[in-house]
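The values are calculated or read from the model by the stated rules, or taken from the named source; none is laboratory data. Note that the coordinates shown come from a computational prediction; the quantities given were computed from them, not determined experimentally. Cβ placement follows ideal geometry from the backbone for every residue including glycine, while neighbour counts extend to all protein chains displayed.
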Amino acid sequence: MSSINTLVKDIYRLLEEGTEQDTFEACQMFGQRLASLMYDRLKPKEDRRTLRMSNVGKPDRMLWYECNPYVKKEEFNGPTYLKFLYGDIIEEVVLLLAEVSGHSVSDRQREVDVNGIIGHIDAVIDGVLVDVKSTSPHSFKKFRDGTLKEDDPFAYIPQLSGYLQGTKMTDGAYVAVDKQNGYITVMPLEDTDRVGIKERIDHIKEVVLQKEPPPRCFSPEPMGKSGNLKLPPGCSYCPFKVECWKDVGLRKFIYSTGPVWMTHVEKEPEVMEVDV
């Protein structure tokens, strides 16, 4: 019987040595799933401002904005949508490689419901519910070293906890892919790290009905020794950051590594600033 414990080395071996088995049918199904994925992503965008299993673990204030449609939401740009798209493609590639390398893959996009909140799991590999994540090299280290619980700005742990409760499965794990270097790792979600998602959902349903937003989710962090303060990652990726920080007034600077949102500028950066 296959085990997820050998998933990484089995995928690497498959890519290095190939296989004599007939993979045409599996690849054909992969092509169909990829076509469906692309077809879906090229449809007109929908403004789905609601609670979902993928976002209920996010901070209270962020979800208050998400569920109040009169609050202006920042639209994602082309590069961001492309980043989301190849993350979805990487997920399909990993699941294909897992299957062809001899592992059991089932329950793709199975729907789950916890207290009326809907979600869709990525898959079950060898009896383990998995959430596939494409990551930067920096984020990959948190999965490789098992330190995600210490820094989880995108609420991955509540998301997988919700999937486990919704399916009533016992074992869950992340399959993380370093999209720059091609590394893969499997990080189990330990029982002690799981979130009581039913209680979380009950709480957030009350929060989003409040007239005023809860306190801010994050605090600005220093940018080197310049005295400048910038938004942390969990805040800079939020589509409501401009609204959230309007009393301060965000400034957006374009560095070679990407945009940086500053809440305080002590020393003017020597890079281009764009209007917010």
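In region 177-189, the residues that are in the same structural domain as Val132 (by TED's automatic domain parsing) and at positive phi form no Cβ pair under 9 Å with any partner that is in a strand (DSSP E or B) and modelled with pLDDT of 95 or more, whether six or more places apart or across chains. Of the numbered criteria (1) over 30 Å from Leu96 (Cβ atoms); (2) surrounded by fewer than 19 Cβ atoms within 10 Å (Cβ to Cβ), the one Lys230 fails is (2). List the number of the failed condition for Glu74; all other conditions in (1) under 24 Å from Ser139 (Cβ atoms); (2) surrounded by fewer than 17 Cβ atoms within 10 Å (Cβ to Cβ); (3) acidic (Asp, Glu); (4) at pLDDT 90 or above hold. Failing condition for Glu74: (4). Scanning region 43-71 for residues that are farther than 16 Å from Ala155 by Cβ and basic (Lys, Arg), we see that the one that is modelled with the highest pLDDT is Lys43. Of note, Ile125 satisfies the criterion of being within 18 Å of Ser2 (Cα to Cα) and among the β-branched types (Val, Ile, Thr).
Is at least one residue of region 253-272 within 24 Å of Glu66 (Cβ to Cβ), modelled with pLDDT of 90 or more, assigned to a helix (DSSP H, G or I) and out of contact with any helix residue (DSSP H, G or I) (no Cβ under 7 Å at 6 or more places or on another chain)? Taking every residue of region 253-272 in turn, none turns out to be within 24 Å of Glu66 (Cβ to Cβ), modelled with pLDDT of 90 or more, assigned to a helix (DSSP H, G or I) and out of contact with any helix residue (DSSP H, G or I) (no Cβ under 7 Å at 6 or more places or on another chain).
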